[in-house]
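Visitor: Got a structure for you, written out below as C-alpha cells; questions coming shortly.
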Amino acid sequence: MTLERIRRSFERLDAALAEAAGLERPVADDPAVAGAAEAGVDAVTARDLFESIALARHLDRTALELRAEGLGHYTITSAGHEGNVVLGRLTRTTDPTLVHYRSAALVVERSRKVPGIDPVADLLLSLVAARDDPIAGGRHKVFGRRELGIIPQTSTIASHLPRAVGLAYALEHRRRSGLDGDTPPDAIAVASFGDAGVNHSTFLGAANAAGWAVQRGVVLPLLLVCEDNGLGLSVRSPPGWVEARLRALPNVQYVAAEGWDLLATYGAAARAVAFCRVARRPVILHLRCERLLPHAGADMDTVYRKPAELARAEERDPLTTAAAQFARAGLVSAAELGRIAARARERVDRTKIAWCSQPPLGSREEIQRPLATPIGELSASAERAPVERPSVPTGAPAPERSTTCPPTANGEALTLAHGIRAALTEALAEDPRVIVFGEDVGRKGGVHGVTRGLAASFGRTRVFDTLLDEQTILGLALGAATLGLIPVPEIQYLAFLHHASDQLRGEAATLPFFSQGAYQNPMVLRVAGFADPRGTGGHFHNDASLGDLRDVAGLLLAVPARGDDAVELYRAAFELARRSHRVVVVVEPTALYHERDLATPGDGRWLAPPSADIAIPGAARVYHCAHGDLTLASYGPGVRTALAAAETLGAEHGIDARILDLRWLAPLPETDLVVHARATGRLLFVDPGRRTGGVSEAVATVVVERGLAADGVRFVRVTGADCPIPLGPAARHVLPSVEEVVTRSLELVRGAD
C-alpha cells in the first residue's frame, strides 16, 4: 500500500505538469513570478532543485521496492520533506552539517558541489547495506560523507544537537586560535531535526546552551532546522506548540516557512543562512511540511490519520508544488520539468540495476574494523611480561594537608590531584588544540581544586567554565573533536554522567562506525568518581557504577590511584586521542585527590614521585612482585585498600601478598591478571564498585575463560554492596574495607593449605 501511495505521487506530478503546460506564458500577477524574484531563484537553480527533489522521491520509491524484493533494509522516506533541498543549495561543504533522516533531497543537492560524487549510487548502496557503500560501508543506512561536509547520523531524535553546538563553538575557537586551516571565516554549523525532537532533553539542552552562550558573549554560528510535519511517529504535536516552543528560545533568531512552498522556503532559508553567517549567532529555521507516507517499516499510518489529512498532505507534496511554481513563474517549462523527472527515474533505475547486487559485509572483523583503530606505538609492549613498579614510597615527606591542592614544585612528591594537574599542564603546553572545560573548572579550578591555576596560565579560551548541563558539556566536546581539537571535558561527578551517557554511547562511539573512520571525535573525558569512605556527599557525589562505560564499543577507560599513575595514564590518554583518535575516559577517585597517607595519619606513603613514563593501555601495575602467597588485584581506591591490607597480612599473619593495580578497565589487562594469579595460585579481587554489574564480574569471567579455575587457582571477590552510598559513617558498611580484605585473604590462603 505504501509503495502504491508513492507511485501515485508521480501521477499527481504528471497531472500538475499537464495543467501547467496549458499556460502559454507566465501571468504577470501570478504570485509565483513575484516569489521567484523575491527569493532570487533563477532558471538554473529551479532546474537543479527540482531534479534533486525528483531524484530523492525516486530513491524513496526504490527503497520501498528493494524492501518488497527482500533486498533493502531501510524505509524511512523523505517524501514530503523535500523542501530541505534549499539547504543543500544555500549551505556549503565547509559548513559542518548534521542532518535529519528525511534529508535525501538536501544530500543530493549538496552533492552538486563536489565533482565525482554520485549521491544516487551512494544512497542505493547504503539502502542494501553493501560493503562498497562509501558512507558507512554497509553498517547502516546513513546520510553523510566527509567530502560533502555532512557528518553521518542515524535515526536521530535530537541527540546530535549538543554536538552541533560544539561544532559552532569550535569553528570560532579554531578561527581565533589560528587553527582554522582552509575553513572560511564565515562558516556555520548546520543541524536539522524533526518537530517531535523539540520535546527531547537533548534539543532543550542544546537550544538552551546556544542562548546561554550568546548571553555570555560567545560567538556561535549555528543554524538549527526544525522540519515540522506535526507527527512524532503517530503522536501529534499540539497545535501551535512547536512554533511557541521555538519562538520562546532566548537569543535565537526565529525564521519560518511552509516547506511545500519552495520559493518562500528558499527565501526564508537564504535569510536564515545569511544572518547566521554575518551575525555569527544562532538561528532556528522552522520548516512546516507534510509527511506523505507512514513513518517507516511496518507503520500503518491510516490507523491514526484520516483520509482528509492524507489528502491535504498530497496537496502539499513538494514534488508537485515545486513543479507548478517553477512553471508558473516561467523559470522552467512544464515540458522540461517532465523530461527532468523522467531522467531522474531512469537514472535511479539504471543505478539500481548496476549497484544493488553488491555483497554485504562478510565477517565480524570487517564490521568492527572502524572501532578497532590501532593504538599505535603505545601498544607495542602491551603483551609483554609485566615489569614491577616501585613500591609505595616509605620515606616521602608528609606536607600539611590541603584541600586546595597548591602548586607542586618539580621533584616534590605528588598527590593524585597534583599528578592530574601536572598531566593537564603538560598537554596544554605541548598542544594548542587541547582545551579543558566543564562546570567550575576555570575561575574556581574545579570543585576539588584540581584545575586550579590552569586558566590563569593558559587563558580562558582554553580553560573555561560551562553551564551546568552534562549533555551540553559532552556535546561541546564532540563538536570540538570532530573539527580537530583535543577536548578535555570534565564531568563533576560520575552520577551526573549517567543521564548524559548517550552522548558517548550513541554519538561518540557510533561516529567512526557509521563513517568507516572518515570522521572521528577523540577526547579525554575526566570524571570524578567512586565513594568517599568518610561518607561525604551522599549517593549523587559517591558513585562507582562503571558498567555504562565499560560496554561502550571502542571507548577506553582508565582509573588512576596515585599521582604518578595520573601522569602516566593521562599521557597515554592524550597520545591515544592525538594519534589514534580514541575516546578515553579517566575516572578519578575523589577520595584520593588530596590523600597523602597509606596506613596511618602522617605516614606520607600515598605521595608519589613525578614520573616520566607512559602507561601502556591494557597493562597493569604491580607492587611487591616477588611476594608469592596471594595476589590482591584492584583499581582506583581499591588499590589503597589492598596495599593497606597487604601490610596487615604481612606484619600480623606472615602472608606475603603482591598487588596488581589494573589501571585500565577497558581494555582489561587480562594477561597480567592471568600471569599473577597463576604465580601465586590465589586471586582476591577488591572491587570498589558494586557486586552486580561491577568490574569483578569481568575478572571472574577471565578466571573462567582463561582456565585459571581448572588450573587450581582459587578466586574470591570483595566488593561494594548493591545499593547507593549512604551519607555519613554508614558509608563504610557498603564499601570494601581493609578488615574485610584481610579476613577473606586469610580464608583464601589458609583454606588452600
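Bear in mind these aren't lab numbers, they're just calculated from the coordinates by the rules spelled out. Keep in mind that this is a model prediction, so the values were computed, not measured. Cβ sites come from the backbone with ideal geometry, for glycine too, and all protein chains shown count toward neighbours.
Visitor: Relative to the first principal axis of the alpha-carbon coordinates of the chain, what is the inclination of helix 43-68, with its axis defined by its Cα atoms, in degrees from 0 to 90 and to the nearest 10?
Guide: Approximately 60 degrees, to the nearest 10.
Visitor: Shape call for the stretch 621-752 from the C-alpha gyration tensor, a ≥ b ≥ c root eigenvalues: rounded (a/c under 1.5), prolate (a/b greater than b/c) or oblate?
Guide: On the way: a/c = 1.67, a/b = 1.20, b/c = 1.40.
Note, shape of the stretch 621-752 comes out oblate.
Visitor: With Cα Rg over 2.2 N^0.38 Å as the read-out, I listed (1) 1.01; (2) 1.09; (3) 1.05; which label goes with the value calculated from this structure?
Guide: Read-out from the structure maps to (2).
Visitor: I would also like to ask the following. Just to confirm my numbers, what's the Cα centroid distance between the stretch 195-227 and the stretch 36-114 in Å?
Guide: Cα centres, the stretch 195-227 to the stretch 36-114: 25 Å.
Visitor: Along the Cα→Cβ direction, 7 angstrom out, place labels at V303 and A248. What is the inter-label distance in nm?
Guide: According to this spin-label approximation, the distance is 3.2 nm.
Visitor: Counting pairs of alpha carbon atoms under 8 Å apart in space and at least six apart in sequence, what relative contact order in percent does the stretch 400-592 give?
Guide: Relative contact order for the stretch 400-592 comes out at 23 percent.
Visitor: Treat each spin label as a single point 7 Å out from the Cα along the C-beta direction, and report the R236 to R216 distance in nm.
Guide: It works out to 4.1 nm between the two label points.
Visitor: Taking the Cα centre of each part, how many Å lie between the stretch 674-753 and the stretch 490-504?
Guide: Answer, in whole Å: 27.
Visitor: Testing the spin-label approximation: label points 7 Å from Cα along Cα→Cβ at R345 and L746. State their distance in nm.
Guide: 8.8 nm
Visitor: Quick one: Cα centre-to-centre distance for the stretch 427-443 and the stretch 258-282, in angstrom?
Guide: 35 Å
Visitor: On a full-extension model of 0.36 nm per residue, what is the gain between D551 and L310, subtracting their alpha-carbon distance, rounded to one decimal in nm?
Guide: On the way: separation 241, 0.36 × 241 = 86.76 nm, distance 4.38 nm.
Between D551 and L310, full extension yields an extra 82.4 nm.
Visitor: K113: which lysines have alpha carbons under 26 Å from its alpha carbon, excluding same-chain residues fewer than 8 sequence positions away?
Guide: Straight-line reach from K113, under 26 Å: K141, K352.
Visitor: For a test of the definition: using alpha carbon positions, the gyration tensor, and the 1.5 limit on a/c, classify the stretch 513-664 as rounded, prolate or oblate.
Guide: prolate
Visitor: Still on this structure, please answer the following. Sort 687-696, 218-227 by packing, meaning the average of other beta carbons within 10 Å per residue, with the highest value first.
Guide: 218-227, 687-696
Visitor: Please give the charge dipole size of the stretch 454-597, origin at the Cα centre, charges +1 on K and R Cβ atoms and -1 on D and E Cβ atoms. Round to the nearest 20 debye.
Guide: It works out to roughly 460 debye.
Visitor: Using the Cα gyration tensor of the stretch 1-60, with a ≥ b ≥ c the square roots of its eigenvalues, what is the shape: rounded (a/c below 1.5), prolate (a/b larger than b/c) or oblate (neither)?
Guide: oblate
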